[in-house]
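Colleague: Have a look at the structure that comes next, please.
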Amino acid sequence: MNDTSTKRKTALKPKVERPKLHKVILVNDDFTPREFVVTVLKGEFALSEDQASRVMITAHQKGVCVVSVYPRDVAETKATRATDAGREQGFPLLFTTEPEE
C-alpha cells in the first residue's frame, strides 16, 4: 500500500479594498453670482449646463449640495481648485469634502 497523502495547495489572494470615496459638497453663500457657480461646476466637474444649474439651485435652497463622489485625493483636489477659482475672482465660493458612508 501507498502511504503518501496528497495536500492541496491553495493560493491566498490578498483582499484589496477599494479606496474610500469622498463627497464634494458645494456650500451656499449669498455673494457668489449664480452664473459664476455654474461656470465653475461645468469647468471643474464636467457637468452639463442643466446639471450645474440644478446643483447650484439645490445648494441655494438647502444650504449645501453634493456635487460628485470621488476617491479622497481626487475629491480634495477638485474641491480646492473650485474654491480657489472663486477666491481668485474675489468670491467666498466654498467646496468641501467628507467621507461617503
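Colleague: Does PHE95 satisfy being outside any helix (DSSP H, G or I) and at pLDDT 95 or above?
Modeller: yes
Colleague: Moving on to the next point. Can you pull out the residues in the stretch 40-56 that are out of contact with any helix residue (DSSP H, G or I) (no Cβ under 7 Å at 6 or more places or on another chain) and either among the charged types (D, E, K, R) or surrounded by 15 or more Cβ atoms within 10 Å (Cβ to Cβ) (or both)? Walk me through how you get there before you give the answer.
Modeller: As a first pass, look at the stretch 40-56 and keep what is out of contact with any helix residue (DSSP H, G or I) (no Cβ under 7 Å at 6 or more places or on another chain): 43, 46, 48, 50-51, 54.
ASP50, GLN51, ARG54 - these are the residues of the stretch 40-56 that are out of contact with any helix residue (DSSP H, G or I) (no Cβ under 7 Å at 6 or more places or on another chain) and either among the charged types (D, E, K, R) or surrounded by 15 or more Cβ atoms within 10 Å (Cβ to Cβ) (or both).
Colleague: Select from the stretch 7-34 the residues that are surrounded by 10 or more Cβ atoms within 10 Å (Cβ to Cβ) and of a type outside the set (Lys, Arg) and list them in ascending order.
Modeller: Of everything in the stretch 7-34, those that are surrounded by 10 or more Cβ atoms within 10 Å (Cβ to Cβ) and of a type outside the set (Lys, Arg) turn out to be PRO19, LEU21, HIS22, VAL24, ILE25, LEU26, VAL27, ASN28, ASP29, THR32, PRO33.
Colleague: Among the residues of the stretch 76-101 satisfying the criterion of being basic (Lys, Arg) and in contact (Cβ under 8 Å) with a residue 12 or more places away in the chain, which is surrounded by the fewest Cβ atoms within 10 Å (Cβ to Cβ)?
Modeller: Restricting attention to the stretch 76-101, the residues satisfying the condition of being basic (Lys, Arg) are 78, 81, 87.
Narrowing the set further to residues that are in contact (Cβ under 8 Å) with a residue 12 or more places away in the chain leaves 78, 81.
Numbers: LYS78: 19, ARG81: 14.
Checked the stretch 76-101; the qualifying residue surrounded by the fewest Cβ atoms within 10 Å (Cβ to Cβ) is ARG81.
The values are calculated or read from the model by the stated rules, or taken from the named source; none is laboratory data. As the structure is a prediction and not an experimental result, all values here were calculated from the model. All Cβ positions, even for glycine, are placed from backbone atoms using ideal geometry, and neighbour counts span all protein chains on display.
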